[in-house]
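Accompanying notes for the structure given below.
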Amino acid sequence: MSEIIVGIDLGGTGVKTAALTRDREVLAKDSRPTHAERGPDGVMDVMQSGVEEALKRGGVAKTDVLAVGIGSPGPLNWQTGIVYETPNLPGWKNEPLAEKMQSRLGLPCFLDNDANVACYGEYWLGAGRGTDCIACLTLGTGVGGGVVVFGQLLRGIDGTAAELGHIKVMRGGRRCGCGATGCLEAYASVTGMVKTAVEGIEAGRKTRLKEICGDDLSRLTGKMISQAAEQGDAFALWVVQETGTWLGIGISSLINALNPEKVVLCGGMIAAGEMLFDPIRKTAKELSFAVPFQRAEIVPAGLGDDSGVIGAAGCALARYDEGR
Ligand code: ZN
């Protein structure tokens, strides 16, 4: 066996690893807690063990591995492989992650932003397989973004492109975690959806949600909202649809700006299914040009939680082949 690539998805709570062939066959996977509290070197111990375990499970010799790709929360520099500072990983500051992992593993390591690798994973092996141009939104605590144009990640001149969660959907509007106002993320992330629900409940809207979270609105989650919506709570359904409408507004701009073949949505929120996708498609249709809207299929991720780890491997292979 030869020409194996390893992907690592580094998250604040878990580290996932996968070993794949060049032909996109997944040989083995590993998943373990990050132990972010141990700081950069402790986390790198975890990452190293994950790689070693995945190779062992896949029966892969290290000499058959071409490259290792790491998807990490940013901000980071994909070219130098440095993670600047990230709220999910306490104690990290200008950490040369790619270089350190390279010397630990004795293998070429490539660093990329987590949302970008998730997008690449969907393009390479997921819902976007067989396409040339896709845009991807990852709906979680925030809204991450990625764009693939003719097989290449859109990076921008400084590598900061495709922050799709921070396209503006409202003048003024809610304050976003990035410091600006009116960003898509402030409305369409899970956090934004919960905020929409809390605002409605505080304004006196009738719903079972208050009871579901034990009268403590700080315990309200996106999952509680979608479940209540499924069980017929009219207000919860409105919250899901409202979130879909905000997403549709943002996605219409992506469709007009990028003319993608697919817009792929990732993250736990997509489990809400058609309750969420119907208003997304309806709103995007109203606000987009007809030709790019008809082209752009708006679809859920094909790889579930594995878009990031698979995409980290796919990105590493592309960069290894291109020599950058
Ligand atoms: Zn923002």
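The values are calculated or read from the model by the stated rules, or taken from the named source; none is laboratory data. No experiment lies behind these values; they were computed from the predicted model shown. Neighbour counts are summed over all protein chains in view; Cβ atoms, including those assigned to glycine, are modelled from backbone coordinates with ideal geometry.
Taking the criterion of being of a type in the set (Gly, Ala, Ser), in contact with a strand residue (DSSP E or B) (Cβ under 9 Å, 6 or more places away or on another chain) and surrounded by fewer than 24 Cβ atoms within 10 Å (Cβ to Cβ), the residues of the range 118-157 that qualify are ALA127, GLY140. Is it fair to say GLY173 is touching a strand residue (DSSP E or B) at 6+ places or on another chain (Cβ under 6 Å), surrounded by 14 or more Cβ atoms within 10 Å (Cβ to Cβ) and not in a loop (DSSP other than H, G, I, E, B)? No: the conditions fail for GLY173. Any residue at all in the range 267-281 that is surrounded by 15 or more Cβ atoms within 10 Å (Cβ to Cβ) and closer than 19 Å to PHE150 by Cβ? The answer is no, given that none of the residues of the range 267-281 is surrounded by 15 or more Cβ atoms within 10 Å (Cβ to Cβ) and closer than 19 Å to PHE150 by Cβ.
Of the residues making up the range 1-57, not one is of a type in the set (Ser, Thr, Tyr) and on the phi > 0 side of the Ramachandran plot. Whenever a residue of the range 170-186 is over 20 Å from ALA115 (Cα atoms), its partners that are near the ligand (Cβ under 9 Å from one of its atoms) and among the hydroxyl-bearing types (Ser, Thr, Tyr), lying with C-beta atoms within less than 9 angstrom and at least six residues away or across chains, give the pairs MET170/THR181; ARG171/THR181; GLY172/THR181; GLY173/THR181; ARG174/THR181; ARG175/THR181. Does ILE212 meet the test of being without any contact (Cβ under 8 Å) to a residue 40 or more places away in the chain and either more than 25 Å from the chain's Cα centre (by Cα) or away from the ligand (no atom under 11 Å from the Cβ) (or both)? Considered against the rule, which asks whether it is without any contact (Cβ under 8 Å) to a residue 40 or more places away in the chain and either more than 25 Å from the chain's Cα centre (by Cα) or away from the ligand (no atom under 11 Å from the Cβ) (or both), ILE212 comes out as yes. If you go through the range 138-197 and pick out every residue that is of a type in the set (Ser, Thr, Tyr), within 11 Å of the ligand (Cβ to nearest atom) and within 19 Å of the chain's Cα centre (by Cα), you end up with 2. SER307 passes every criterion in (1) over 16 Å from VAL148 (Cα atoms); (2) of a type in the set (S, T, N, Q); (3) buried (at least 19 other Cβ atoms within 10 Å of the Cβ) apart from (1).
Among the residues of the range 90-130, those that are polar (S, T, N, Q) and not in a strand (DSSP E or B) comprise ASN94, GLN102, SER103, ASN116. Since ASN113 meets every condition but one in (1) in contact with a Cys (Cβ under 7 Å, 6 or more places away or on another chain); (2) under 26 Å from MET193 (Cα atoms), which condition does it not meet? Status for ASN113: all satisfied but (1). Scoring THR221 on the criteria (1) of a type in the set (Val, Ile, Thr); (2) more than 18 Å from the chain's Cα centre (by Cα); (3) buried (at least 19 other Cβ atoms within 10 Å of the Cβ) leaves a single failure, condition (3). When THR207 is tested against (1) more than 10 Å from the ligand (Cβ to nearest atom); (2) in contact with a strand residue (DSSP E or B) (Cβ under 9 Å, 6 or more places away or on another chain), only condition (2) is not met. Just to verify a result, which residue in the range 266-324, among those that are free of Cβ contacts under 8 Å to residues at least 60 places away in the same chain and among the polar types (S, T, N, Q), is nearest to ALA19 (Cα to Cα)? Checked the range 266-324; the qualifying residue nearest to ALA19 (Cα to Cα) is GLN294. Checking the range 31-48 against the condition returns a match, with at least one residue being more than 26 Å from LEU153 (Cβ to Cβ), in a loop (DSSP other than H, G, I, E, B) and over 18 Å from the mean Cα position of the chain (by Cα). Which condition does VAL240 not pass, out of (1) in a helix (DSSP H, G or I); (2) closer than 30 Å to LEU125 by Cβ; (3) within 16 Å of the ligand (Cβ to nearest atom), if it passes all the others? In the conditions (1) in a helix (DSSP H, G or I); (2) closer than 30 Å to LEU125 by Cβ; (3) within 16 Å of the ligand (Cβ to nearest atom), VAL240 misses (3) alone.
For TRP246, the stated conditions hold: it is of a type outside the set (Lys, Arg) and crowded, with 21+ Cβ neighbours inside 10 Å.
The rows are residues; the columns are (1) modelled with pLDDT of 95 or more; (2) of a type in the set (A, V, I, L, M); (3) over 21 Å from VAL239 (Cβ atoms).
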| residue | (1), (2), (3) |
| --- | --- |
| ILE280 | yes, yes, no |
| ALA284 | yes, yes, no |
| PHE293 | yes, no, yes |
| GLU297 | yes, no, yes |
| PRO300 | yes, no, no |
| ASP305 | no, no, yes |
| ALA312 | yes, yes, yes |
| ALA316 | yes, yes, yes |
| GLU322 | no, no, yes |
